[in-house]
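None of the figures in this text is laboratory data; all of them are computed from the coordinates on show. A quick note: this is a predicted structure, and the numbers were derived from the prediction, not measured. With ideal geometry, Cβ positions are generated from the backbone for all residues, glycine too; neighbour counts draw on all protein chains shown.
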Amino acid sequence: MRISTLCTTLFVAGSLLVSAGCAKHDSSGPAPAAKPRPVRAVAGCAKGWTDPSDLAPGRAPARCTKGAPAPRPLAKKRKLVVATGTLAAEYVAPLEVAVEKGEFKKEGLDVQLKVLPTPDGLPLLAKGDIDAQWAAPEAAVMNGIRGGFDIKWVAGNFSPDPASKSGLWARVKDGESPSSVTMKGSKMGTMIGKGSVVTYAMEKALQKHGGSLNSIGFQQLGSADVLTALQNGGVDSAWLLDPVWRKVDGNAKYTFLGGQPLGEPLGGLLFGPNLLTKDPDAGVAFLRAYIRTVNTYFAGDYKADKVFTASLAELLKTDKSVLTATPSLRMDWEIRKGTTDRLQKAYRDAGVEQGDPLPENKVVDRSLYGEAVGHKP
């Protein structure tokens with residue numbers, strides 16, 4: 001499919017993704033795979049890589065020592081524009097801290113974070129008008145790659161703490177117990193469309209309680225209305241994010257059915273042709289700064305540091321009490337084996353992905369963060 005045609009047929013949660021800039025995009029499709037780059041050992045990163053096939057919920061994320069990997073400034077300074085859907089969410093914090101603490105500058109990078117919804121950013125990323133996108137391999141991304149967009153998922157972002165209950169909550173009806181809640185034929189309230197990566201997590205939770213993506217109804221609601229609809233009976237279940245779930249936690253009228261799989265990031269960094277093929281040195285430098293930021297500031301329970309938590313709340317423009325109401329995220333730059341296969345199955349089940357499934361190597365590139373931590377394939 002030609003990219004100019006794709007831009008009028010790409011579906012995002014059942015709605016069309018349209019970009020005026022698409023018509024200018026080269027229709028030749030993704031560039032051929034580049035030759036493997038030389039990789040050298042990186043001090044402090046002996047544990048900077050874990051086996052991608054390790055899907056154990058309790059797996060410890062890869063970590064280097066504090067301050068590693070050390071900066072390796074580019075010969076020529078480079079300005080990069082990185083799109084993100086928000087600057088207020090905790091999972092974006094590593095990028096914001098990297099900017100504030102000068103970690104990107106140490107690599108010779110001038111990084112600008114630009115708020116831009118994923119549907120708007122994808123065509124710009126594929127064209128090279130922006131360099132990276134802090135997002136997720138959503139259905140729109142899969143459909144874009146299938147249609148010729150030169151985009152890869154190159155690094156993860158986080159997985160939840162085991163104590164987190166961000167995810168699917170259901171009302172316990174009269175005569176039910178929390179373990180006997182049945183989802184088949186129910187209505188779910190969510191502000192996230194079916195094309196989101198959370199569809200995969202929803203499906204896993206539904207299957208444990210007699211439901212499926214095809215056996216329930218969806219009602220898309222605003223962020224302020226999801227909890228209200230669950231509480232007043234307008235919906236039977238709802239996907240509650242941090243820290244909203246704390247308002248029903250411990251109430252016998254509601255039960256937590258499941259959230260994002262532990263130890264499996266579902267989003268992170270997407271690179272386009274600028275950093276994949278035109279200037280991979282800058283791409284590795286970006287990832288090196290990002291990984292160093294995680295190892296230095298987010299390696300463990302970062303919310304235990306009251307001083308850092310206060311500065312983080314200020315950076316995210318949120319109240320410190322809101323930030324500390326939920327556990328620290330497990331920041332994780334790695335991508336698990338098979339995640340994109342599982343995501344695509346959920347998208348197909350939800351009816352938002354078209355065409356044959358994409359093999360992992362068409363969507364994922366672990367080589368850049370592997371080079372950043374000195375992992376030789």
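Of note:
- Listed residues Ser367, Ser159, Ser180, most fluctuating in the chain (Gaussian network, C-alpha, under 10 Å): Ser180
- Only helices enter the 222 nm calculation for the chain: every DSSP H run of n ≥ 4 contributes -39,500 (n - 2.57), and dividing by all residues gives -7500 deg cm²/dmol, rounded to 500.
- Rounded if a/c under 1.5, otherwise prolate or oblate - the range 82-178, Cα gyration tensor axes: oblate
- Beta bridges by DSSP in the range 167-259, antiparallel share as percent, to the nearest 5: 60
- Rounded if a/c under 1.5, otherwise prolate or oblate - the range 167-259, Cα gyration tensor axes: rounded
- Cut-off 16 Å, label 7 Å out along Cα→Cβ of Lys278, residues of the range 73-91 by amide N: 77-83
- Of the residues Ile216, Ile192, Ile335, the one that moves most in a GNM of the chain with alpha-carbon contacts below 10 Å is Ile216.
- The GluC sites (Glu not before Pro) of the range 130-230 that DSSP puts in a loop, and whose beta carbon has at most 15 other beta carbons within 10 Å, are Glu176.
- Amide H within-cut-off set for Arg330, under 5 Å, with H built and near neighbours excluded: Ser159, Asp161
- Look at Met142, Met202, Met191 and count the other Cβ atoms within 10 Å of each Cβ; fewest to most, that gives Met191, Met142, Met202.
- Listed from fewest to most Cβ neighbours within 10 Å, the set Glu334, Glu314 follows the order Glu314, Glu334.
- Applying 0.36 nm per residue to the separation of Glu100 and Asp120 and subtracting their alpha-carbon distance, the gain on full extension is 4.6 nm.
- Calculated FRET efficiency, Asp319 to Ala60, Cβ-Cβ distance, R0 = 30 Å: about 0.45 to the nearest 0.05.
- Per-pair calculated FRET efficiency, R0 = 25 Å: Leu262 and Phe308 via Cβ, rounded to 0.05: 0.55
- Exposure proxy ranking, count of Cβ atoms within 10 Å, fewest first, for Phe271, Phe298, Phe256: Phe256, Phe298, Phe271
- Using the Cβ-Cβ distance between Asn232 and Glu176 with R0 = 22 Å, the FRET efficiency computed as 1/(1 + (r/R0)^6) comes to roughly 0.75.
- Here the contact order of the chain, divided by its residue count and restricted to Cα pairs under 8 Å and six or more residues apart, works out to 28 percent.
- Net charge of neighbours whose Cβ lies under 13 Å from the Cβ of Leu270, counting Lys and Arg as +1 and Asp and Glu as -1: -3
- Fluctuation leader among Asp365, Asp249, Asp161 - the chain, Gaussian network, Cα springs under 10 angstrom: Asp249
- Other residues with beta-carbon under 10 Å from the beta-carbon of Val39 carry, at +1 per Lys or Arg and -1 per Asp or Glu, a net charge of +2.
- Cα shape, the range 276-377, gyration tensor, a/c 1.5 rule: oblate
- Compared with the alpha-carbon gap, the fully stretched path from Val39 to Arg72 is longer by 10.5 nm at 0.36 nm per residue.
- Cβ-based net charge around Ala282, under 12 Å, with every Lys or Arg adding one and every Asp or Glu removing one: +2
- Spin-label pair Gln219/Asp129, simplified geometry with 7 Å Cα→Cβ offset, distance in nm: 3.8
- Read-out Cα Rg over 2.2 N^0.38 Å, derived from the coordinates shown; its label in (1) 1.19; (2) 1.05; (3) 0.98: (3)
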